[in-house]
Every structure is written in structure tokens, then in C-alpha cells.
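Since the structure comes first, as C-alpha cells, the remarks are kept for the end.
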Amino acid sequence: MGYLGAPVSTLSPPLRDLLGRALRDLRLSVTDRCNLRCHYCMPEREYVWLPKHDRLSFEELARLVRLLVPLGVRALRLTGGEPLLRRDVPLLVAQLKAIDGLEEVSMTTNAILLEEQTPALRAAGLDRITVSLDTLLPERFAALAGRDRLAETLRGMQAADRAGFTGTKLNTVLCRGRNDDELESLLTFAIERGYELRFIEYMDVGGALAWSSEAVVPRDEILERVRAHFGQPAALDTDPSAPARTFALPNGGRFGIIASTTAPFCSTCTRSRLTADGLLFTCLYGTQGLDLRAQLRGGASDEELTASLTRVWTQRRDRGAEERLQDPQRGTSVSKADLRSNPHLEMHTKGG
Ligand code: SAM
Ligand code: SF4
Ligand code: SF4
């Protein structure tokens, strides 16, 4: 059965934006806090945090998701910041899993707190987990992420396997001169354990203030190095709206590349993003979010909220990463001063 008791098959077709792109996915950033300080995301010593009282409650979040499903959303990914820092996140998972018509609830996490939370997440019905892992070297982990927590991340992944999670993916941001020498060892590690690793090109979003095009390891270079080490990768037919292009290797392994910087996929982008304090963004590069918290707490009806959500998606024309590619001389997308005055521009606030 679907929303308000209607069979799912009778749900209206998804909303389409001005470029014809359907609304299908929601990234839900449940907190802007993090227990790591990855150099490409949170390189500063201090941050301006979202006020705690602005954070949407689980009931408010579930209400918005319930309204977004009839508009097209089918898959939801919990992210942050570090989503496992949000207290009782398995309770939120359970509330989301009870929403008719929502087909998948997944999570992207650095896995530091995963070991202790896996049983509750599994019991709540979380479908899949993606773990971010940029190095297998403890000292380098501390250098890249500001804290020496590699052992906990690895234990978290093992705990997820033991608890019965399947289809676990790894996200690796390769940065030249920092961890690109581990491309082969990270992929070997993933293949041996049955994880699908996706290499993500370094993006100039939010706190990536040290970004430069030279630091990006582009898709073509990744493919060439994989070919030299593992043999010719064969491109698989994957969902064109998925950010990763997936490849099979002669040894049976699979991996993906998310070429956000050199080959952006804006033309098929079906993703919306909700910050922990209720701003809806329709692009990772967006600077203006729709303030749903003000509406929720101002007593807006479901019809009024649905009208706002419909307006924002049907007026969407974002192509942030494509525009960035067309303007190679552009510096990083925002300045340190912009980030201080508007923390919503941070990747760890918007949700990567
Ligand atoms: N803390 C969680 C984690 O790291 O998995 C979830 C939030 S994090 C913002 C989500 C993803 O964004 C991570 O896989 C991270 O590697 C990626 N990310 C963050 N900053 C990035 C950047 N500048 N370029 C590319 N990917 C980035
Ligand atoms: Fe935290 Fe994830 Fe950003 Fe790293 S990438 S600082 S783990 S939010
Ligand atoms: Fe979608 Fe914006 Fe990313 Fe392009 S840059 S793929 S429009 S979120």
C-alpha cells in the first residue's frame, strides 16, 4: 500500500524539473557534526555549527519524507556530517522504513561508530551501507582525517558484514600526492572482501578550500591504472541516473567511478538534499535552500508543504558541476568567509 493507504502503483508520476529530470532521491543530512576532520571536507580548526534547537525532530523529518514520496522520492540516504553521531538514529531508520512507497533507506558513514550500532540499524531495517575509506594506513588516516581512527572504521565494516548487511560499498576520494598511491591496494582490499569500491573525484564543494584541478585524479587516469594492474575493465550497463559508472574486472571484481569533476552527470541528476535544520537544496553547489523548518514550525499544512516542495523541484534548473567544468579558471566554489557566514554551504552540512 502507498501513501495515505493508496496502492503504491497509483502514486502520481514523479515531479520533473525544467530540464526534465525526475525527483527520485533524497539525501537526508541528520547532523552537521562529525568525529573526523577529512582534509577535503572539514579542514578548519573551528566551525560554526547549526543550533541544536533548529535540528528537525525525527517526526518532522518523517513527515517531510512522507510528503516527498508521492512527489517521486523512492530512495533515501542518511548522511551528514557523521550520521551515526545523531542519537537514536536507528529509531529514525525504523520510522522511515514504515513509509509506504519508499523503496530504500541507506546510509553513508565513516563507520567509526558502526560496530556498536550495527545490530540496532539492522533491526530497524536499514537496507545498505556505504563506508568512506581513503586509506589503509593508520598514520595516513590520522593525517588525512585528523584523527587516528582507522581501526574503528575497519571494525565497523566487519560488524556490518557479521550483522548480515550485503551490498556494502566503499567511497574513496583520491587526492594526488596524498593517497593516490593506494589506488591498487584499496581496490584489492575491497574486492577481497566483496565490497564495491567507488572512486570519487575530488570536488571543490564546501570546505574543500585547498582544492585545485591538479589534486584531482581524473576518471581516465583511474581507469588506466586499474587496467595496468587488474586487466581491462568492462563498463557495465548501470542506471543512468546513478552517479557511479560501474565496471567489471577480469578477476570478477567490480568497482565504480564517480566522475563528479571531469565528467559530471547533472543531466540525469535526480537528487534533492535536506539539511539537519530543514533546508532543502536541489544541488550540491546550490547556495539557496528552501526553508522547510520555518514552514513546519509555522504550522503549515501538508498541502502547503507539498505546494512548496512541488514549486522548488519544478523550477529547478541546477547544473552545478557542469557549470564548474565549463569555467576552468574559476577558483574554489566558496571562500572561507562565505563558509563562516553561511554554514549551509559546507559539504558536511548539505550532506555529500
Ligand atoms: N561522514 C560520512 C562519511 O564521510 O561517509 C557522510 C558524510 S560525507 C560528507 C559523504 C561523502 O562525501 C563521503 O564519502 C566523502 O568522502 C564525500 N566528500 C566529502 N567532501 C568531498 C569532496 N570535497 N570531494 C569529493 N567527495 C567528498
Ligand atoms: Fe566527516 Fe564525512 Fe566530512 Fe569526513 S567526509 S569530515 S567523515 S562528514
Ligand atoms: Fe546534481 Fe548539482 Fe551534483 Fe549536478 S552538481 S549532479 S545538479 S547535485
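The values are calculated or read from the model by the stated rules, or taken from the named source; none is laboratory data. Nothing here was measured: the structure is a model prediction, and the numbers come from that model. All Cβ positions, glycine included, derive from the backbone under ideal geometry; neighbour counts span all protein chains shown. The area values use the complete protein model at the heavy-atom level, side chains included, leaving out ligands, DNA and RNA. Shrake-Rupley method; radii C 1.70, N 1.55, O 1.52, S 1.80 Å.
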Looking at the range 124-179 only, could you name the residues that are over 21 Å from Ala94 (Cβ atoms) and small (Gly, Ala, Ser)?
Ser132, Ala142, Ala143, Ala145, Gly146, Ala151, Gly177
With respect to Glu182, determine if the residue is within 10 Å of ligand 1 (Cβ to nearest atom) and either touching a helix residue (DSSP H, G or I) at 6+ places or on another chain (Cβ under 9 Å) or under 15 Å from Arg128 (Cα atoms) (or both).
no
If you go through the range 23-43, how many residues are in contact with a Ser or Thr (Cβ under 9 Å, 6 or more places away or on another chain) and within 25 Å of Arg63 (Cα to Cα)?
9
Across the range 220-265, what is the number of residues that are in a loop (DSSP other than H, G, I, E, B), within 16 Å of ligand 3 (Cβ to nearest atom) and touching a strand residue (DSSP E or B) at 6+ places or on another chain (Cβ under 7 Å)?
7
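Give the range 304-320 a look and list any residue that's open to solvent by less than 50 Å² (accessible area, probe 1.4 Å) and either within 16 Å of ligand 2 (Cβ to nearest atom) or at pLDDT 95 or above (or both), or say none. Explain how you work it out, then say what you get.
Taking the range 304-320 and keeping what is open to solvent by less than 50 Å² (accessible area, probe 1.4 Å), we get 305-310, 312-314, 316, 318, 320.
If the condition is that a residue be open to solvent by less than 50 Å² (accessible area, probe 1.4 Å) and either within 16 Å of ligand 2 (Cβ to nearest atom) or at pLDDT 95 or above (or both), then Leu305, Thr306, Ala307, Ser308, Leu309, Thr310, Val312, Trp313, Thr314, Arg316, Asp318 are the ones that fit.
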The lone condition Tyr47 fails out of (1) modelled with pLDDT of 95 or more; (2) farther than 16 Å from Arg27 by Cα; (3) within 16 Å of ligand 2 (Cβ to nearest atom); (4) not polar (S, T, N, Q) is (1)
Tell me the helices (runs of 4 or more DSSP H) entirely within the range 101-213 that contain at least 3 residues that are in contact with a strand residue (DSSP E or B) (Cβ under 7 Å, 6 or more places away or on another chain) and within 16 Å of ligand 3 (Cβ to nearest atom).
none
Please give the number of the condition Arg176 fails out of (1) over 30 Å from Asn342 (Cα atoms); (2) open to solvent by 60 Å² or more (accessible area, probe 1.4 Å); (3) not hydroxyl-bearing (Ser, Thr, Tyr).
(1)
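Looking at Thr270, is it crowded, with 19+ Cβ neighbours inside 10 Å, more than 16 Å from ligand 1 (Cβ to nearest atom) and either under 30 Å from Gly331 (Cα atoms) or within 20 Å of the chain's Cα centre (by Cα) (or both)? Spell out how you get there, then give the answer.
Numbers: crowded, with 19+ Cβ neighbours inside 10 Å: yes; more than 16 Å from ligand 1 (Cβ to nearest atom): yes; either under 30 Å from Gly331 (Cα atoms) or within 20 Å of the chain's Cα centre (by Cα) (or both): yes.
Criteria met by Thr270.
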Checklist (1) within 16 Å of ligand 3 (Cβ to nearest atom); (2) without any contact (Cβ under 8 Å) to a residue 60 or more places away in the chain applied to Tyr285, failing item
(2)
Screening Leu61, Leu36, Leu84, Leu96 for residues that are in a helix (DSSP H, G or I) and within 15 Å of ligand 2 (Cβ to nearest atom) leaves only Leu84
Could you grab me the full set of residues in the range 213-240 that are surrounded by 13 or more Cβ atoms within 10 Å (Cβ to Cβ), over 25 Å from the mean Cα position of the chain (by Cα) and among the charged types (D, E, K, R)?
Arg225, Arg227
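Specify which of the listed residues (Ala300, Ala294) is among the hydrophobic types (A, V, I, L, M, F, W, C) and open to solvent by 50 Å² or more (accessible area, probe 1.4 Å).
Values: Ala300 fails: open to solvent by 50 Å² or more (accessible area, probe 1.4 Å).
Checking each option against the conditions leaves just Ala294.
Test Gly5 against the criterion of being open to solvent by 30 Å² or more (accessible area, probe 1.4 Å) and modelled with pLDDT under 95, and give yes or no.
Working: open to solvent by 30 Å² or more (accessible area, probe 1.4 Å): yes; modelled with pLDDT under 95: yes.
Yes; evaluated as a whole, the condition is true for this residue.
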